[in-house]
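Asks: Below are the structure tokens for one structure; questions will follow.
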Amino acid sequence: MTISFFLFVPQDLPQQNDCEEEDGLDEQQERNSSLDQEDPEPPQIKEEQEELCSSQEGEQLGLKQETDTFMVTPAYEESEESQHVDSGSTRNADQSQTGTRGKSFQCDVCGKTFCKKYNFTKHQRVHTGEKHYPCRTQGKQPYACITCGKTFISKSDLERHVRTHTGEKPYSCGTCGREFRLNSTLKTHIRVHTGEKPYSCSTCGKQFTEKSSLRTHIRIHTGEKPRCCSICGRRFSDISGVIKHMRFHTGEKPYPCSTCGKRFSQKSDMARHVRIHTGDKPHGCNICGKIFIQRTSLKKHMRIHTQSKTDTRKQSVQCDTCGKTFNFKSNLTTHLRVHTGEKPYPCSTCGKQFNQKSSLNTHVRIPTGEKPYPCNTCGKIFNQLAHLKTHKRIHTGEKPHCCTTCGKRFNEKSTLKTHIRVHTGERPYPCSTCGKRFSQRMNLKKHMEIHTG
């Protein structure tokens, strides 16, 4: 049987696809080698094989034989996938030629537009949450801390971490000399000296030196409280609020007073407490000049100036038992214990109870002899802050308590009360033996010596 081959090769033959599989190439090489043999055997090709158009002019590779006709697939045949790629690239070329480069793609979620479809597709992952590219270094952290064993991806991260153990602070402030572990922390600190506040709130306009502070501030307007206490469920706007709050559950008080040893759960509370020992009063009234240790005390004081007498009477609270009035409800609550006899503050040592916490604190110092309140002028020390305040009036000459009858002034309220009895004739201290009455307790004690000898 003699077989004749007619091979038509067009000049503009399409280039073979680079992505064609190696198996196809091996099969084609075997076919070409069989064609070079002197007496080649007819190839076993299925009748279902499709005809191939190998060029744009419609020229075909044909195979003629005397008995039957078979179609032979040439080495230049392309796969269906490559045909699709070529046709797609042709369409893209046609689109670029027709001037569709100015076409924009708009996001249906946020309305943002993109000139390139690639950028548009990448943007959509923001809304869908799709994470198309997995981290290649996941699970591969070759840099380990020899102190605590914590691992890091990069050597620079490890070096920064090691400074937490060594205490090294290589970045120093050129203005105040303060040192920092991280260069970024130094940059933020420098804004304290320059006054720079690059982060501004779009709602109220308040400015901040740190972006994290701005984010926390914005939650005031939005009401967002993403941090939650795992014990009671109370929510907070930032993690620092959760840390401070947790100390109420754990009882932790990490801030001790260096003078008296009293401990506090918050650093701000400790700072306010220290002013009792130093006598520092940084909060002053700009109307009358009176100074206070705490800002809250100043705010309460300012109501005296800002409110009229009518407003004060409306806002004051009155005791239903004795009629005494108070500017603050908290003061009325404490006063009511005088009538009810309630004493909610017991001493853990002797069991004695008190109606005020300050009275309990004073009582606790009796067995220890502790006197944490020194006078800055003469050095005399006291176990109560009230006693120190009264003592200081000796040096300043202040006499804030005035008699409404004769105008005489006193440095202590108790002395004024005793003086008023001169005008009223009141004598509340009677002798249990003879019944004679006295205006002062001290005079009664002297009188009792007559009976006792």
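None of the figures in this text is laboratory data; all of them are computed from the coordinates on show. Treat the numbers as computed from the prediction; the structure is a model and nothing was measured. Quick reminder, even Gly has a Cβ in these numbers, built from the backbone with ideal geometry, and neighbours come from all protein chains shown.
Asks: Please give the contour-minus-distance gain from GLN318 to GLN384: 0.36 nm per residue of separation, less the Cα-Cα distance, rounded to one decimal in nm.
Replies: Using 0.36 nm per residue and subtracting the Cα-Cα distance, I get 20.9 nm.
Asks: Under 22 Å from the Cα of LYS417, which lysines turn up, not counting those fewer than eight places away in the same chain?
Replies: LYS324, LYS389, LYS392, LYS399, LYS408, LYS436, LYS445, LYS446
Asks: For a Förster distance of 35 Å, can you work out the FRET efficiency between the beta-carbons of THR278 and GLN353, rounded to the nearest 0.05?
Replies: The computed FRET efficiency comes out at 0.60.
Asks: Here's something else I'd like to know. Let me know the shape class of segment 345-452, please: from the alpha-carbon gyration tensor, a ≥ b ≥ c as square roots of the eigenvalues, rounded when a/c is under 1.5, otherwise prolate if a/b is greater than b/c, or oblate.
Replies: Judged from the Cα gyration tensor, segment 345-452 comes out oblate (a/c at least 1.5, b/c at or above a/b).
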